[in-house]
Amino acid sequence: MIIRWLGHASFLIQSEGLRIITDPYDPSITRLKPVEEKADIVLRSSDDDMAHCYIESIPAGYSLLTATDYVDEGKNQVQMGKTLFRFMPSRESLIHKKVPRENAFYRFELEGIHVAHMGDVGNALSENQLTFLEGTEILIAPTGGPPTIDLDDLVEVVRRIQPRIVIPMHFKIPGPRFTMLPVEEFTKRFSGEEVITADSSSLEISRQSLPEKMRIIVLKPSLVKGQ
């Protein structure tokens, strides 16, 4: 499996010929290069946050899965080919947002590896949400602090879930002008041996190469302008 960070909360995940794009953004809002990769499936945590749901620049031919659409219909999963996608409702910050929007995070399994993407979650997780994430081996988490989940609350999630890999997203990088902290505000809460700063936007991983102990792997965003 290859996980490539495009920017903000958007990733291209490739596995055995399947191409999945998560939470694509409007480049006019993020000030990043547009997401123009081909995809078989586009996953969105909502349909009303243009920093997480913009699909206009992605070439046609993909299936669209919007997590909030499924949870609004009382559904928590859908099968697409060989892959089962599961959804859990969440909300934007109840403290830092005047009108918090509904959101959802999602998980799926590829090559025997359980992957979860936390979307735009803005609050400490409930017991149901924590239970939903149990067994996650690669956790893609917003690490820029409020208005997304408070970093102390996120650390509690990581310690409770014990994923093998945490991939930070939604933190301060060149381009977006949102209120976001640098990733170091998250990584400093862990020991030096737990944090790996990659010199690449991509991570290639297999079931056999998952680390035995939890590691935070900080990738480089690939769609920053000027790169």
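Observations on the structure shown:
- Ellipsoid equivalent to the stretch 93-160 - semi-axes via the Cα gyration tensor, in Å: 22, 12, 10
- Relative contact order for the chain: 19 percent, from Cα pairs under 8 Å spaced at least 6 residues apart, divided by residue count.
- Accessible area in square angstrom per residue, the chain, 1.4 angstrom probe: 45 Å²
- For the stretch 1-52, with all protein chains in place and a probe radius of 1.4 Å, 44% of the accessible heavy-atom surface sits on carbon or sulfur.
- Cα-based shape type of the stretch 107-146, given that a ≥ b ≥ c are square roots of the gyration tensor eigenvalues and the cut on a/c is 1.5: oblate
- Lysine pair count for the chain [Cα-Cα under 18 Å; pairs on different chains or 8 or more apart]: 8
- Shown here for the stretch 117-181: GluC sites (Glu not before Pro) in loop regions (DSSP other than H, G, I, E, B) with at most 13 other Cβ atoms within 10 Å, namely E134.
- Taking all Cα pairs closer than 8 Å and separated by 6 or more residues, the relative contact order of the stretch 155-227 comes to 41 percent.
- Rounded if a/c under 1.5, otherwise prolate or oblate - the stretch 9-117, Cα gyration tensor axes: oblate
- Packing-based ranking, highest mean first, of 107-113, 146-152, 74-80, 186-192 given that Cβ atoms within 10 Å are counted: 146-152, 107-113, 186-192, 74-80
- The three principal axes of the C-alpha atoms in the chain carry coordinate ranges of 44, 43, 42 Å, sorted with the longest axis first.
- Global form of the stretch 148-227, assessed from the alpha-carbon gyration tensor, a/c cut-off 1.5: oblate
- Each peptide in 51-58, 165-172 was scored by the mean count of other Cβ atoms within 10 Å over its residues; highest first, the order is 165-172, 51-58.
The values are calculated or read from the model by the stated rules, or taken from the named source; none is laboratory data. Here the structure is a predicted model, which means the values were calculated and not measured. In this analysis, Cβ positions are derived from the backbone assuming ideal geometry, glycine residues included, and neighbour counts consider all displayed protein chains. The area values use the complete protein model at the heavy-atom level, side chains included, leaving out ligands, DNA and RNA. Shrake-Rupley method; radii C 1.70, N 1.55, O 1.52, S 1.80 Å.
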